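Peer 1: Handing you this structure, nothing more for now.
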Amino acid sequence: MARKQLKTLTEPMYYILLCLLKPMHGYGIMQRIDEITGSRVKVGPGTLYALISRFEKEEIVIKVSSDNGKKTYILTEKGKEILMFEYNRLNQLVCDGAVLRGETDES
């Protein structure tokens, strides 16, 4: 999955990658997304594991352990770059919106 294919991330993709800045297992990721978003974004097991599998194939995340049936994953450097690219893109959208709403000095 080259950067071209990931120019923008879906909300589940973004939050999964955000959670994986630290090592985490699947159930923990689902719980953390629920906490971060105040239950606004729900990621079910099917979506989560399909995306993790895709991310693993594209070397965006790697499995760091597998204990008691719980697989723990973390972002690779490539994953961190993709996450930061999306973070900056989203920030730019907010800044652009602020300009249009007259909330900044820019015209």
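Peer 1: Suppose every K and R has +1 on its Cβ and every D and E has -1 on its Cβ; what is the size of the dipole of the range 1-106 about the Cα centre, in Debye to the nearest 20?
Peer 2: 480 debye
Peer 1: Hey, what angle do you get for helix 45-57 against the long axis of the chain, alpha-carbon based, 0 to 90 degrees rounded to 10?
Peer 2: Taking the Cα atoms of the chain, the angle to 45-57 is about 90 degrees.
Peer 1: Using the Kirkwood formula on the Cα atoms of the range 56-107, what hydrodynamic radius do you get, in angstrom to one decimal?
Peer 2: 13.6 Å
Peer 1: Here's another thing I want to ask about it. Mean separation of Cα pairs under 8 Å and 6+ residues apart, divided by the residue count of the chain: what relative contact order is that in percent?
Peer 2: Dividing the mean separation by the residue count of the chain yields 27 percent.
Peer 1: In terms of the Cα gyration tensor, with a ≥ b ≥ c the square roots of its eigenvalues, is the range 1-61 rounded because a/c is under 1.5, prolate because a/b exceeds b/c, or oblate?
Peer 2: Prolate.
Peer 1: A further question on this structure: Once the principal axes of the Cα atoms of the range 9-100 are found, what is the range along each, listed largest first in whole angstroms?
Peer 2: 52, 28, 19
Peer 1: Sticking with this one: Are there GluC sites (Glu not before Pro) in the range 57-98 that DSSP puts in a loop and that have at most 12 other Cβ atoms within 10 Å, and which ones? If you can, show how the numbers build up before the last one.
Peer 2: Numbers: sites: GLU58, GLU59, GLU77, GLU81, GLU86; in loops: GLU58, GLU59.
Passing sites in the range 57-98 are GLU59.
Peer 1: Would you list, by chain and number, the lysines whose Cα falls below 28 Å from the Cα of LYS7, excluding same-chain residues fewer than 8 positions away?
Peer 2: List returned: LYS22, LYS42, LYS57, LYS63, LYS71, LYS78, LYS80.
Peer 1: I've got another one for you. Using θ = phi - 60° and the Karplus relation 6.51 cos²θ - 1.76 cosθ + 1.60, list the HN-Hα couplings for the range 22-35 in order, rounded to whole Hz, with x at every Gly or Pro.
Peer 2: Here the 3J(HN,Hα) series is 10, x, 7, 9, x, 4, x, 5, 4, 5, 5, 4, 4, 5 Hz.
Peer 1: Does a label point 7 Å from the Cα of LYS78, set along Cα-to-beta-carbon, have any residues of the range 50-70 with amide nitrogen under 20 Å, and which are they?
Peer 2: Only 50-65 pass the distance filter.
Where a number appears in this text, it was derived from the coordinates with a stated rule and is not lab data. Since this is a predicted model, take the numbers as computed values, not measurements. For neighbour counting, all protein chains shown are included, and Cβ atoms are generated from backbone atoms with ideal geometry for every residue, glycine included.
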